[in-house]
Number of protein chains: 2
Amino acid sequence: MNRRNFLRTTALGAAIAVTPISFSAFGKDTATKATTPGGRMRLTFEPYELKLKHVFNLARNKRTSTPGVQVRIDLDGITGYGEASMPPYLGENVESVSSFLSRVDLGQFADPFRVKDIHEYLESIAPNNRAAKASVDIALHDLLGKIMGQPWHKIWGLNPEKAPNTSYTISWNDDAEELGREIAECKPFKIIKVKMGVGHDKELVEAFRKVYPDKAICVDANQGWNDKEKALEMCNWLAERGCVFVEQPMPKEKLDETAWVRERSPLPIIADEFLQRLPDVRRAAGAYDGINIKLMKSTGLHEAHQMAELARALGMKVMLGCMTETSCAVTAAAQLSPMVDWADLDGNLLISNDIFDGIKVVDGKVTIPIDRPGIGVVPV
Amino acid sequence: MNRRNFLRTTALGAAIAVTPISFSAFGKDTATKATTPGGRMRLTFEPYELKLKHVFNLARNKRTSTPGVQVRIDLDGITGYGEASMPPYLGENVESVSSFLSRVDLGQFADPFRVKDIHEYLESIAPNNRAAKASVDIALHDLLGKIMGQPWHKIWGLNPEKAPNTSYTISWNDDAEELGREIAECKPFKIIKVKMGVGHDKELVEAFRKVYPDKAICVDANQGWNDKEKALEMCNWLAERGCVFVEQPMPKEKLDETAWVRERSPLPIIADEFLQRLPDVRRAAGAYDGINIKLMKSTGLHEAHQMAELARALGMKVMLGCMTETSCAVTAAAQLSPMVDWADLDGNLLISNDIFDGIKVVDGKVTIPIDRPGIGVVPV
């Protein structure tokens, strides 16, 4: 089965009927009896390499593509879409994700709504494999939202109009022409995320400021500043240049030094590499002002929502990020965006071979497709 | 309109059609487009006094009935049911709840799914009135669950089979015959909640143990033990008599003394009167092992769910309680029960004039109606 057929065909080979229905007819029926699918969930998956528009220069690696796996869960004629994205520094790859997914038997669950049980089961298969788990969770949420006829931001009680602006990411490029093109592409965005820690940090900000004297920036140092005095000096320098927050200034192991920087920094310090899952949020509270939640770290939407609620309850700032991903995983994350302070949901814009329609950036703002149930995507 | 008509008739006077539908027909339609009601929510309410089967002897008051208000939200032919119960010590009454509800205009919300916005709006009306807010929240959740065609335990991803046993409450009665009858009624339950702090604490446990040598008990001291040494002595005495935990041993103001008792007590110490809402959970963490969540304190299901998740994330025990309520509010709370360690959901069993069918206690266990959407009740 080729990729197009993988996405478009149901497990039984039948196309999904597109039949708009009136709310009244739907509502009166469902008000009387909860309906549960009679069949069993079927998980299928397929590798899909994400091609980057620009070479990525991060503090610790450089690449032109990101390995990914597309996932679907079929149940009774409804398809849930999910995705794993595996940037190499997270330790997962096509082989490890495929191996994990081959061991997942969702057919044992008579009820697709047992989300907590299903996550417990995924944990029992292997302790890590967070992107693989996320791909199952995203497809499951898409399926459940479609069964309920609602997108997840609604199911969580969120107002999509409260979604924040999303940042667009730029990084240093030795090729001045290429760098100029990257900077030019920032135009439609209200806030730009500047990747740092590779040795041209101030040059990059200055090149950007020549084109946009006033546009807000935030900075992701990707653990790139080893010295706490250097990190603090950068925070002060950036605060004078329209920066809103700094992500992961120091290596994640350097918790005490990070706390030292945080106490002195005029800018909020956000945890990224330091933090993966729910129990990490409390640990982060001592040294960081906020957290960056990403579905590929959190094992998907269920735990990401818990993390956002916990961080809020602990008085922390919340940022929502992504890897390079298709619009599938990015739109899934966008469902949570009305809960967060800052979004960095540009992963789909950084690839040249997207295969889903979903999240849009309208006037710099995260815009969730409000009339699509589940995670809000359709294959294109 | 009399009470029966209030519960049974829709806002437009039309009966809800009871038409079971197949999942397939439902699912394929909803998988393609999210459906949102076109009309506006309409809130109505009516006082309803809850008559107690037995006189309640608490540490601080004594009564034979509890004032209540029944609430409904109608939208496009679907009805959501809610309820406020106002035990006098919480400071609300029929007048204050009616006055609050008269000021609630849900018609301003085009989308009933804006749960967080609606709660913000309710907060803007008045800072307290927690039972009144809960009644709106419960009716809203009932409505939303019916629109989605699913009960809330499913929407939250919970497995109803994991619901705990529920305790049944007994309290001291000077009338020995009456006390004997209360104790006899404990038979079907696996765990009994003994109300204490009114001066016959040990006598009550001893009377109970004569009938049931082995049945588990838990104790609610209702702030009844003023002295920390006395409280600790009772904890030790109770630990030797099959007690599982002690709720609110000391006055809520005595936080340091409670922490002192907790450090030494062989039994977990649970916060009840100390704690009302989400921000109280973190405060409780320093002096209590767990929290007792009640919808009439938490302003309903939305914040109750957040409180349960937060307590779990902080490593605390979670108990779910209720006031004397009809099966409406008790069944709503039961939707959360698979998340908690202990449930005390007997409020509907303590009244003689219930008007809803919902939660059942089967072999001592909380049993949620799994095939009813929303909060899981129907008027009887």
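Looking only at region B:249-260, decide whether some residue is modelled with pLDDT of 95 or more, over 25 Å from residue B:207 (Cα atoms) and touching a helix residue (DSSP H, G or I) at 6+ places or on another chain (Cβ under 7 Å).
Quick first cut of region B:249-260, residues modelled with pLDDT of 95 or more only: B:249-260.
Still in the list and also over 25 Å from residue B:207 (Cα atoms): B:251-260.
Narrowing the set further to residues that are touching a helix residue (DSSP H, G or I) at 6+ places or on another chain (Cβ under 7 Å) leaves B:257, B:260.
So far as region B:249-260 goes, yes, one or more of its residues are modelled with pLDDT of 95 or more, over 25 Å from residue B:207 (Cα atoms) and touching a helix residue (DSSP H, G or I) at 6+ places or on another chain (Cβ under 7 Å).
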Residue in region B:157-175 that is touching a residue at least 24 places away in the same chain (Cβ under 8 Å), within 14 Å of another protein chain (Cβ to nearest Cβ), basic (Lys, Arg) and not in a loop (DSSP other than H, G, I, E, B) present: yes
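Could you grab me the full set of residues in region A:268-287 that are of a type in the set (A, V, I, L, M) and in contact with an Asp or Glu (Cβ under 9 Å, 6 or more places away or on another chain)?
Selection gives A:269, A:270, A:271, A:278, A:287.
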Top-ranked residue of region A:286-337 - restricted to ones that are on the phi > 0 side of the Ramachandran plot and not β-branched (Val, Ile, Thr), ranked as most open to solvent (accessible area, probe 1.4 Å): A:315
Just to verify a result, which residue in region A:109-142, among those that are outside any helix (DSSP H, G or I) and without any contact (Cβ under 8 Å) to a residue 40 or more places away in the chain, is surrounded by the most Cβ atoms within 10 Å (Cβ to Cβ)? A:129
How about region A:85-108: which of its residues are exposed (fewer than 15 other Cβ atoms within 10 Å of the Cβ) and either part of a helix (DSSP H, G or I) or within 14 Å of chain B (Cβ to nearest Cβ) (or both)? A:88, A:89, A:95, A:99, A:102, A:107, A:108
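If you check B:378, B:362, B:340, which single one turns out to be within 14 Å of chain A (Cβ to nearest Cβ) and over 17 Å from residue B:80 (Cβ atoms)?
After applying the criteria, what remains is B:340.
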Consider residue A:53 against the criteria (1) touching a residue at least 24 places away in the same chain (Cβ under 8 Å); (2) part of a helix (DSSP H, G or I): it satisfies all of them except one. Which criterion is unmet? (2)
From A:240, A:247, residue being of a type outside the set (A, V, I, L, M, F, W, C), within 30 Å of residue A:213 (Cα to Cα) and in contact with a strand residue (DSSP E or B) (Cβ under 7 Å, 6 or more places away or on another chain): A:247
Okay, strands (runs of 3 or more DSSP E) sitting entirely in region B:230-345 with 2 or more residues that are under 22 Å from residue B:118 (Cβ atoms), I get B:290-294
Can you tell me how many residues in region A:355-380 are in a loop (DSSP other than H, G, I, E, B), without any contact (Cβ under 8 Å) to a residue 60 or more places away in the chain and open to solvent by less than 50 Å² (accessible area, probe 1.4 Å)? 2
How about region A:278-292: which of its residues are touching a helix residue (DSSP H, G or I) at 6+ places or on another chain (Cβ under 6 Å) and more than 18 Å from residue A:219 (Cβ to Cβ)? A:278, A:281
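Taking the residues in region A:191-207 that are among the small types (Gly, Ala, Ser) and assigned to a loop (DSSP other than H, G, I, E, B) as candidates, determine which candidate is least open to solvent (accessible area, probe 1.4 Å). Spell out how you get there, then give the answer.
Taking region A:191-207 and keeping what is among the small types (Gly, Ala, Ser), we get A:197, A:199, A:207.
Going one step further and asking which of them are assigned to a loop (DSSP other than H, G, I, E, B), we end up with A:197, A:199.
Values: A:197: 18, A:199: 65 Å².
Per the criteria, the residue is A:197.
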Index of the failed condition, residue A:50 passing every other in (1) open to solvent by 60 Å² or more (accessible area, probe 1.4 Å); (2) modelled with pLDDT of 95 or more; (3) within 22 Å of residue A:220 (Cβ to Cβ): (1)
When the residues of region A:167-190 are narrowed to those that are of a type in the set (S, T, N, Q) and in contact with a helix residue (DSSP H, G or I) (Cβ under 8 Å, 6 or more places away or on another chain), which ends up surrounded by the most Cβ atoms within 10 Å (Cβ to Cβ)? A:171
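Condition first: in contact with a strand residue (DSSP E or B) (Cβ under 9 Å, 6 or more places away or on another chain) and either at the interface with another protein chain (Cβ under 8 Å from one of its Cβ atoms) or under 17 Å from residue B:276 (Cβ atoms) (or both). Now tell me which residues in region B:137-156 satisfy that.
B:137, B:138, B:146, B:147, B:148, B:150, B:151 - these are the residues of region B:137-156 that are in contact with a strand residue (DSSP E or B) (Cβ under 9 Å, 6 or more places away or on another chain) and either at the interface with another protein chain (Cβ under 8 Å from one of its Cβ atoms) or under 17 Å from residue B:276 (Cβ atoms) (or both).
Go through region B:189-230 and report how many residues are closer than 14 Å to residue B:249 by Cα and in contact (Cβ under 8 Å) with a residue 12 or more places away in the chain. Let's see the steps before the verdict.
As a first pass, look at region B:189-230 and keep what is closer than 14 Å to residue B:249 by Cα: B:193-199, B:201, B:218-230.
Checking which are in contact (Cβ under 8 Å) with a residue 12 or more places away in the chain leaves us with B:193-199, B:201, B:218-226, B:228.
Total satisfying the criteria: 18.
The values are calculated or read from the model by the stated rules, or taken from the named source; none is laboratory data. Here the structure is a predicted model, which is why all the values come from computation and not from measurement. We place every Cβ from the backbone using ideal geometry, glycine too, and count neighbours over all the protein chains shown. In case anyone asks, the SASA skips ligands and DNA or RNA and just uses the protein heavy atoms, side chains included. Shrake-Rupley method; radii C 1.70, N 1.55, O 1.52, S 1.80 Å.
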